[in-house]
1. Regarding Glu65, is this residue of a type outside the set (A, V, I, L, M) and at pLDDT 85 or above?
2. Assess whether Leu17 counts as being free of Cβ contacts under 8 Å to residues at least 12 places away in the same chain and touching a helix residue (DSSP H, G or I) at 6+ places or on another chain (Cβ under 9 Å).
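The values are calculated or read from the model by the stated rules, or taken from the named source; none is laboratory data. Note that the coordinates shown come from a computational prediction; the quantities given were computed from them, not determined experimentally. Glycine also receives a Cβ, built like all others from the backbone with ideal geometry; neighbour counts cover every protein chain displayed.
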Amino acid sequence: MLDMGFLELVVVFVIGLLVLGPERLPRVARTVGLWVGRARAMFYSVRSELERELRVEEMRKAGYELKDGLEFQKIEKAGRELEQEVKDSLRTDVPPQTGAASKDTERAKSRGDA
């Protein structure tokens, strides 16, 4: 957050000592320390809340994608089953042409038509 080295801290302390005096400086330092601590706590709280919301949103998106994928798989499976049923019904409904044609030819020969 604040990147201050040792030299900067000494300069701030000396200026505070000159402006506030030795009696008020410890009280002000404690107050400033409390405010900085509260600001950090608030910053980390907001940060963790935002990260939590992002994770929830990512999980929600992943759930929707998974749900969409599963629905697509169900539709695809239903399509394959329907296609198989149609193929099966076509196989059982239509008699083979070779057998029917040969019977007709045999009947015609036996009658003397051919």
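1. Values: of a type outside the set (A, V, I, L, M): yes; at pLDDT 85 or above: no.
It is false that Glu65 is of a type outside the set (A, V, I, L, M) and at pLDDT 85 or above.
2. Judged against the criteria, Leu17 is a match.
Yes/no matrix, rows are residues, columns are (1) in contact with a Ser or Thr (Cβ under 6 Å, 6 or more places away or on another chain); (2) outside any helix (DSSP H, G or I); (3) modelled with pLDDT under 85:
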site: Val36; (1), (2), (3): no, no, no
site: Leu54; (1), (2), (3): no, no, no
site: Phe72; (1), (2), (3): no, no, yes
site: Pro95; (1), (2), (3): no, yes, yes
